[in-house]
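First up is the structure itself, then whatever we jot down about it.
The values are calculated or read from the model by the stated rules, or taken from the named source; none is laboratory data. Please read these numbers as outputs of a predicted model, since none were measured by experiment. Heads up, the Cβs are rebuilt from the backbone with ideal geometry, glycines too, and the neighbour counts pull from every protein chain shown. Just the protein is used for accessible areas: all its heavy atoms, side chains included, with ligands, DNA and RNA removed. Shrake-Rupley method; radii C 1.70, N 1.55, O 1.52, S 1.80 Å.
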Amino acid sequence: PPPASTGQAPGPPDGGWGWAVVFGAFVSIGFAYAFPKGLAIFFKEIQDFFGTSYSEIAWVSSIMLATTYGAGPISSILVNRYGSRPVVMFGGLLCGIGMVSAAFCTSILQLYICVGFITGFGLALNLQPSVIIIGKYFLKRRPIANGLAMAGSPVMLCTLAPLNQFLFDNFGWRGSFLILGAILLNCCVAGALFRPIETATASGKSQAIEEGKDALKEQVTKDAMEMSSPMNAPVGTKTEEEGERDCCEKINQYLDFSLFKHRGFLIYLIGNVLMFLGFFAPIVFLAPYAKHIGIDEYSAAFLLSILAIVDMIARPTTGIIANSKWVRPRIQYFFSFSIAFNGACHLLCPLASGYTGLVVYSIFFGLAFGMVCAMLFETLMDLVGAARFTSAVGLVTIAECCTILLGPPIGGTLIDTFGDYKYMFIKCGAVMFLAGTFLFIMNYYNYRMLAKEEKERKAKEEGSKSVRTENEGRSNWNKETIQDGPELEPLKDEQEGLKKEVNGT
């Protein structure tokens with residue numbers, strides 16, 4: 001490898017251009033999270049247009065959310081290969097293409113493809129790089145930066161809910177999809193703010209790796225040419241094995257599968273997979289539920305705006321609280337409480353009979369939803385560290401996509417079966433309360449085990465240190481005893497006489 005003239009990678013600046021990156025992440029994360037929820041405004045009219053059921057129309061948001069999360073590993077690999085900026089810009093382009101194509105759909109299946117898969121994949125390319133690049137620009141202020149960036153979701157939802165209703169009243173759902181496709185192209189502008197960091201160091205390292213590989217390949221080729229012809233077959237087998245090994249190394253470089261041996265990561269993964277079974281369905285069905293009980297369209301859309309306004313305040317506030325010296329060392333407990341609180345809100349929702357009750361529910365739901373979203377990625381980074389965070393996000397999102405895919409359709413099936421929305425809210429509340437309780441208990445176990453392991457490690461270090469000190473003391477004593485001095489001359493003469501007697505001299 002070349003001499004170490006490339007220098008070490010600079011640390012996170014914790015400010016400066018990082019705040020412009022936070023603004024770009026604010027926009028791209030806002031669209032990634034809020035857009036599938038804002039589309040719920042059109043569901044009642046699209047359902048009447050195509051003559052579908054609640055569960056069939058719920059698959060639109062469900063497929064979009066599942067694709068956004070399921071494409072997490074692909075997004076992580078692309079970020080590791082090309083960086084955050086081009087990936088986000090390409091994702092914004094895909095979002096615009098998907099929504100413009102959806103304006104010309106003639107069946108619900110075509111909506112699944114255009115809105116669900118194409119737009120969902122574009123949102124995935126917006127979400128992952130935005131979360132990853134914040135961890136590169138911030139360390140000490142990372143919870144605050146994450147809270148501000150995640151606040152983009154409620155701000156966008158607060159804006160999109162009344163905007164979608166206005167667009168539908170004036171242009172219909174097809175014209176609205178055309179305009180929304182143009183609006184989503186702003187993700188390309190947000191991605192342009194993601195200036196790469198550690199560019200020179202990364203290029204130097206990659207160049208050194210490539211030069212080392214080229215030299216190794218030349219040496220192998222040279223050795224193979226010098227061999228006799230009967231030995232050519234083993235050489236071919238060797239190069240094939242090396243190619244397979246290189247492929248596995250590349251996969252492990254982009255996705256660290258050793259995380260499945262990480263106790264804290266497994267606890268986080270199981271709790272989140274269970275949580276997402278009831279996380280998005282209440283938002284998807286809140287506006288249709290309000291219309292179902294006789295509330296007008298703009299008041300129903302305003303419920304989402306109320307939720308988004310409270311959510312907007314809750315996310316940065318939660319980030320500030322999570323960054324405090326009292327909460328950050330035990331942030332996993334705070335995250336578990338937020339999930340359980342979210343579930344309790346859904347369990348109490350059926351008690352809200354009129355519009356006033358739904359407003360109160362929207363306020364508490366927005367508070368609980370903001371608390372969960374503000375710490376969703378911060379707690380994961382707290383568990384696995386910034387170095388393994390990219391792989392952890394990809395592995396978590398692909399595991400969560402199954403429950404995200406099934407959550408809204410299961411809620412729609414309950415509505416179709418019983419003709420009432422309360423069973424959907426009870427299901428979501430029970431699942432989330434169970435997930436919060438599970439995370440609280442298992443995080444308590446994880447903290448206890450970490451403290452025990454740390455105590456054992458310190459005891460082992462102290463033991464090895466004491467042994468090393470004792471050995472050093474013995475060696476120093478031996479050196480002192482064999483030093484030359486007038487008082488040791490008789491002992492030396494006696495020792496030499498004994499040696500001569502033993503040797504028979």
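Observations on the model:
- Per-peptide average of other Cβ atoms within 10 Å, ordering 431-441, 344-354, 18-28 highest first: 18-28, 431-441, 344-354
- Per residue, the convex hull around the alpha carbon atoms of the stretch 258-456 comes to 117 Å³.
- Probing with 1.4 Å while keeping every protein chain in the model, the per residue accessible area of the stretch 355-429 equals 31 Å².
- Each residue of the stretch 387-402 was assigned a 3J(HN,Hα) from its phi angle through the Karplus expression (A = 6.51, B = -1.76, C = 1.60, θ = phi - 60°), giving 5, 9, 5, 4, 5, 5, 4, x, 5, 5, 5, 6, 6, 6, 5, 5 Hz with x at Gly and Pro.
- Derived scalar couplings ³J(HN,Hα) [the stretch 343-352; Karplus, 6.51 cos²θ - 1.76 cosθ + 1.60; whole Hz; x for Gly, Pro]: x, 5, 4, 5, 5, 8, 4, x, 6, 7
- Translational diffusion coefficient (Stokes-Einstein; Kirkwood radius from C-alpha pairs) of the stretch 285-345 at 25 °C, 0.890 mPa s, in µm²/s: 179
- Over the stretch 13-197, equivalent-ellipsoid semi-axes from the Cα gyration tensor in Å: 30, 16, 13
- log₁₀ of I(q)/I(0) at q = 0.12, 0.19 Å⁻¹ - the stretch 54-150, Debye sum with one point per alpha carbon: -0.44, -0.87
- Whole-Hz ³J(HN,Hα) from phi, Karplus 6.51 cos²θ - 1.76 cosθ + 1.60, for the stretch 407-412, glycine and proline x: x, x, x, 5, x, x
- Only the Cβ atoms of Lys and Arg (+1) and of Asp and Glu (-1) were treated as charged; on that basis the dipole of the stretch 355-430 about its Cα centre amounts to roughly 40 debye.
- Violating pairs (Cα-Cα greater than 32 angstrom) within the set 140/422; 261/422; 325/455; 427/452; 291/427; 136/422: 140/422; 261/422; 427/452; 136/422
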